[in-house]
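The values are calculated or read from the model by the stated rules, or taken from the named source; none is laboratory data. It should be emphasised that the depicted structure is a prediction, and the values quoted were computed from it without experimental measurement. Glycine gets a Cβ as well: all are built from the backbone with ideal geometry, and neighbour counts include every protein chain shown.
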Amino acid sequence: VYRFAEPESVRAAETELGLANPAKILCMADLPTDPDQRAEALGFLKSRGIDGVILFRPMLLELAERIDVKKTYEKSDLLQILRILKNYDLLKSGQMDLFAHARRRRPSAPVPEQTGILPAAGLPDDGSPLDD
């Protein structure tokens, strides 16, 4: 996982980027929620040469926030998918509702087999408007 931070990989990145000592940032799904375990995990990653950690959730939320639903992102499948999800309100502020359970609607009132005839204003009670 952290092989990209080894000296050989860093030298290759320096050559490719033309920068001395580029930042080594790891993108992860999540870190432990317990503060002690979180600090331990970050300390371990730092000891292996990792300069920083970005978590997927904030990264995706930041991307989604900046997506313009009216723009086409031809060169990026990820941005196109995020644009579509945002356009159809499947991405909401701070949370992704893609897999949320939809609330069931109450069943509607039963439809009668025959609709009752309502008396029309100004018509005699004993006749139909078509009897004329």
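Miscellaneous remarks
- Residue check, D97 closer than 30 Å to S9 by Cα and either among the acidic types (D, E) or at pLDDT below 90 (or both): no
Here is a yes/no grid of residues against (1) exposed (fewer than 10 other Cβ atoms within 10 Å of the Cβ); (2) touching a Cys at 6+ places or on another chain (Cβ under 9 Å); (3) in a helix (DSSP H, G or I):
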site	(1), (2), (3)
R11	no, no, yes
E16	yes, no, yes
P22	no, no, no
R38	no, no, yes
A41	no, no, yes
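- Total residues in the stretch 32-85, condition more than 21 Å from the chain's Cα centre (by Cα) and of a type in the set (D, E, K, R): 7
- Screening the stretch 24-36 for residues that are among the aliphatic types (A, V, I, L, M) and in a strand (DSSP E or B) and picking the one that is farthest from R48 (Cα to Cα) gives M28.
- Selection within the stretch 23-49 - within 30 Å of I81 (Cα to Cα) and not hydroxyl-bearing (S, T, Y): A23, K24, I25, L26, C27, M28, A29, D30, L31, P32
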